[in-house]
Amino acid sequence: MAKAPAKPQIDIGINEKDRKAIAKGLSALLADSYSLYLMTHNFHWNVRGPMFNTLHTMFMTQYTEQWGALDLIAERIRALGEPAPGTYKEFSKLSSIKEVDGTPKAMEMVKHLVKAQEATAKTARKLFPLVEKANDQPTADLLTQRIDIHEKTAWMLRSLLEE
């Protein structure tokens with residue numbers, strides 16, 4: 001029986017234990033990001049009411065940005081030598097964002113999205129201590145960008161809820 005080829009060693013200046021731990025944290029971020037993407041796209045399709053055009057357009061801008069981020073996160077996981085999760089089953093286990101049942105009213109959609117944006121920012125922020133300890137600048141850069149976008153988007157959504 002033929003022996004399986006050896007897995008190439010990764011020597012990027014981050015030890016295997018830290019690479020695995022960072023990839024695990026990024027997998028949770030990927031799961032939150034995908035859950036947020038799906039929620040936002042769902043709300044884009046199903047929003048109704050007087051703010052339809054505004055929200056429909058806003059949600060499209062948000063899910064489009066989110067879609068691009070998924071690849072960046074998954075590719076960072078792969079660069080660290082680990083497989084990226086890619087199934088609904090894996091995402092549901094890893095995500096801190098719960099699915100919304102039914103079709104909420106427009107402003108309820110906004111409230112759900114605020115919580116989901118904030119949850120995703122918190123998931124990214126939680127990983128920072130390990131990333132800093134491992135001296136992993138590419139992941140730190142990715143996390144900084146994602147946190148900035150999620151916090152800004154949450155602020156914009158919250159602004160819609162003010163009287």
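Below, the figures for the structure above:
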item: Mean separation of Cα contacts under 8 Å, 6 or more apart, over the residue count of the chain: relative contact order %; result: 31 percent
item: Rounded, prolate or oblate (a/c below 1.5 giving rounded, otherwise prolate when a/b exceeds b/c) for the stretch 60-151 by Cα gyration tensor; result: prolate
item: Chain lengthening between HIS56 and ALA4 when straightened (0.36 nm per residue, less Cα-Cα); result: 13.6 nm
item: Radius, Kirkwood style, for the stretch 1-69 when every pair of distinct Cα atoms is counted (Å); result: 15.3 Å
item: Cα→Cβ-extended label distance, 7 Å offset, between ASP141 and ASN15, nm; result: 2.6 nm
item: Part-to-part distance (alpha-carbon centres) for the stretch 6-50 and the stretch 59-111, which is given in Å; result: 7 Å
item: Overall Cα dimensions of the chain - principal axes, largest extent first, Å; result: 64, 38, 21
item: Cross-link pairs beyond the 29 Å C-alpha cut-off, checked among LYS17/LYS111; LYS105/LYS152; LYS111/LYS133; LYS17/LYS122; LYS89/LYS111; result: LYS17/LYS111; LYS111/LYS133
item: Within a Gaussian network of the chain (alpha carbon springs, distance under 10 Å), most fluctuating of GLN137, GLN66, GLN117; result: GLN137
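Computed from the coordinates by the stated procedures, all read-outs in this text should not be read as laboratory data. The structure displayed is predicted, hence computed values, not measured ones. Backbone-built Cβ (ideal geometry, glycine too); neighbour counts: all protein chains shown.
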